[in-house]
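Novice: Below: one structure in structure tokens.
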Amino acid sequence: MLVLNCGIGLLTPPVGSVLFIGSAVAKRPMEKVVKATLPFYLCMIVALLLVSFVPKISLFIPELLGGYTSTAIPVWAPLP
């Protein structure tokens, strides 16, 4: 979750250093690079929201291997 969030931060303007580097390497104006990467921004944001709010997605492999059993109650679940 942290890596995906940092990746989004490095790619989004106005501070996105990776975006500036990509624009310089491709020798394209910043506006064209931003327009070309918009679908990828949307996919990354949707993936971040899914990993953040659906714990079964990020805990699938540990549960599959038997090393983790989830006992957490989601925030949106009513209290028993």
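Novice: Can you find even one residue in segment 48-58 that is surrounded by 12 or more Cβ atoms within 10 Å (Cβ to Cβ), β-branched (Val, Ile, Thr), in contact with a helix residue (DSSP H, G or I) (Cβ under 8 Å, 6 or more places away or on another chain) and not in a helix (DSSP H, G or I)?
Specialist: no
Novice: Please indicate, with yes or no, whether at least one residue in segment 8-16 is among the polar types (S, T, N, Q), within 26 Å of Trp76 (Cα to Cα) and touching a residue at least 12 places away in the same chain (Cβ under 8 Å). Write out each step before concluding.
Specialist: Step one: of segment 8-16, the residues among the polar types (S, T, N, Q) are 12.
Next, only the ones that are within 26 Å of Trp76 (Cα to Cα) stay: none.
No, there is no match, as no residue in segment 8-16 is among the polar types (S, T, N, Q), within 26 Å of Trp76 (Cα to Cα) and touching a residue at least 12 places away in the same chain (Cβ under 8 Å).
Every read-out reported here was derived from the displayed coordinates using simple, explicitly stated rules and does not represent laboratory data. This is a predicted model, so every value here is computed, not measured. Neighbour counts are summed over all protein chains in view; Cβ atoms, including those assigned to glycine, are modelled from backbone coordinates with ideal geometry.
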